[in-house]
1. If I filter the range 264-292 down to residues being assigned to a strand (DSSP E or B) and of a type in the set (Gly, Ala, Ser), which single residue comes out as nearest to Ala244 (Cα to Cα)?
2. Which of the residues spanning the range 228-263 are in a helix (DSSP H, G or I), among the hydroxyl-bearing types (Ser, Thr, Tyr) and farther than 22 Å from Gly131 by Cβ?
3. Please go through (1) within 20 Å of the chain's Cα centre (by Cα); (2) over 30 Å from Ala261 (Cα atoms); (3) of a type outside the set (Phe, Trp, Tyr); (4) surrounded by fewer than 17 Cβ atoms within 10 Å (Cβ to Cβ) for Gln148 and return the number of the only condition it doesn't satisfy.
4. Test of understanding: among Val152, Val144, Val120, which residue is over 30 Å from Thr399 (Cβ atoms), of a type in the set (A, V, I, L, M, F, W, C) and in contact (Cβ under 8 Å) with a residue 60 or more places away in the chain?
5. Determine which member of the set Arg92, Arg114, Arg83 is farther than 22 Å from Asp208 by Cα, surrounded by 14 or more Cβ atoms within 10 Å (Cβ to Cβ), modelled with pLDDT of 95 or more and over 28 Å from the mean Cα position of the chain (by Cα).
6. Inside the range 327-358, can you point out the residues that are outside any strand (DSSP E or B) and buried (at least 24 other Cβ atoms within 10 Å of the Cβ)?
7. For Ala375, are the conditions met, namely being within 24 Å of Met142 (Cβ to Cβ), crowded, with 19+ Cβ neighbours inside 10 Å and touching a Leu at 6+ places or on another chain (Cβ under 8 Å)?
Amino acid sequence: MIRRIDLRGAAAPVDYRAVLPRAEFDVEAAIHVVRPICEAVRDRGVEAILEFAAKFDGVEQDSIAVPPEAMQTALAELDPAIRAGLEESIRRLRIACEAELEHDVTTDLGPGARVTHRMVPVQRVGLYVPGGIAPLVSSVLMNVVPAQVAGVDSIALTSSPQSAFGGLPHPTILAACALLGIDEVYSVGGAQAIAMFAYGAGPCRRVDLVTGPGAIYTVAAKRLLKGVIGIDSEAGPTEIAVLADDTADAAYVAADLISQAEHDPMAASVLVTPSERLADDVEAELDKQVSVTRHVERIRTALSAQQSGIVLVDDLEQGLDVVNAYAAEHLEVQTEDAAAVAARVRNAGAIFVGSFSPVSLGDYCAGSNHVLPTAGCACHSSGLSVRAFLKAVHVVDYTREALAEVAEHVVTLAEAEDLPGHGAAVRVRFDPPVQPVETQS
């Protein structure tokens, strides 16, 4: 079901990125598909969105805005057990977000010379919640809570229209919005949703920032429109890597690989281990566990595709090199002294330490965020957090005396760059005028 890649005895240096399992997720190639969609929404607004809903979602809509009463009805009819789970997830995530909230930093560089690093929330954001293969209600929480904690003034959320629910998003998604006090919700999915946020359409005013994961066309639209709007990242199909040695429980490892393969046929599940015995046992567990899961075909497709595999390494040292090169969205460390091994990981969207910190915990109730960089982007990008909804502004506050202390340096550096007007803007404030500092040739 799942292929093996044997890197034992590989001669250094090895470009692990070139040999590790990875899905073909060509965002650049998808841009030519989404460009006309985005342009149509820009030019024709809601009219174009309704046409795309009929074409791509099989839904005939009269309006893209979700009525407030539909959200309140969804919340009233929500299973109490699901509501309790959502409330606990919200509670834990909010605590973690409040703890990481950055505050202004003021630096006094001398008498009357002050610079403040001010954190300012983005004014208006658009949050995208996937609703295709599975209604990802947890993504409502992961987007909304950090935005609220950051202090965003205006929050709009969108999710795909569902023919089974009269063209509205899934009721559980609507219930979560109501639970969080989000009343501006749209029934729009895919690239057209990103374009709606970027350009504005009908009742939806344009936003400053778009966050949230999505399928390849949603990701392509985010890349295309980056600059018109800010984006969090290009978060695509999910992936899990497990770094494990012979102390790991094969049943746990197999279950965790399956948990992410369940998301999407393009999901990636990768085990990196120096233990051939564990590899054999995990394969046996996969055969046993997959056969009794609900989404057998989807999981088998993901596990048997090129993006998934068992990677055999010489030892944990090589294993760390491999997982750092892979830069997984989710990385589990199930080894002896897992905390020490995890501390040496540089590249991962989120790290799950030990046998009792599965990725599923992070998807719902760990207090961490599950909107994470995929496709190796964890080597340079972070997951969604309060920081994504804040921007830094430097506030410079100098007195006349403080400016006088550095005025000659400013004038001299301006002359060095052949920008005399810069120096003149300082000179004009002093009598007699400030002269550039003489430098030795």
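1. Applying the filter and picking the extreme gives Ser269.
2. If we filter the range 228-263 for residues that are in a helix (DSSP H, G or I), which is where we start, we get 250-261.
Next cut, among the hydroxyl-bearing types (Ser, Thr, Tyr) only: 252, 259.
Within the range 228-263, Tyr252 is the sole residue that qualifies.
3. Exception for Gln148: condition (4).
4. Values: Val144 fails: in contact (Cβ under 8 Å) with a residue 60 or more places away in the chain; Val120 fails: over 30 Å from Thr399 (Cβ atoms).
Answer to the selection: Val152.
5. Numbers: Arg92 fails: over 28 Å from the mean Cα position of the chain (by Cα); Arg83 fails: over 28 Å from the mean Cα position of the chain (by Cα).
The match here is Arg114.
6. Ala327, Thr335, listed by residue number.
7. Values: within 24 Å of Met142 (Cβ to Cβ): yes; crowded, with 19+ Cβ neighbours inside 10 Å: yes; touching a Leu at 6+ places or on another chain (Cβ under 8 Å): no.
For Ala375, the condition - within 24 Å of Met142 (Cβ to Cβ), crowded, with 19+ Cβ neighbours inside 10 Å and touching a Leu at 6+ places or on another chain (Cβ under 8 Å) - is not met.
Residues are listed down the side, and each one gets a yes or a no for (1) loosely packed, with under 14 Cβ neighbours inside 10 Å; (2) of a type in the set (Ser, Thr, Tyr); (3) under 30 Å from Ile240 (Cβ atoms):
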position: Cys379; (1), (2), (3): no, no, yes
position: Ser382; (1), (2), (3): no, yes, yes
position: Arg400; (1), (2), (3): yes, no, no
position: Glu408; (1), (2), (3): no, no, no
position: Thr412; (1), (2), (3): no, yes, no
position: Glu415; (1), (2), (3): no, no, no
position: Leu419; (1), (2), (3): yes, no, no
position: Pro433; (1), (2), (3): yes, no, no
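The values are calculated or read from the model by the stated rules, or taken from the named source; none is laboratory data. If you're wondering where the values come from, they're calculated on a predicted model, not measured in any experiment. Neighbour counts run over all protein chains shown; Cβ positions are idealised from the backbone, glycine included.
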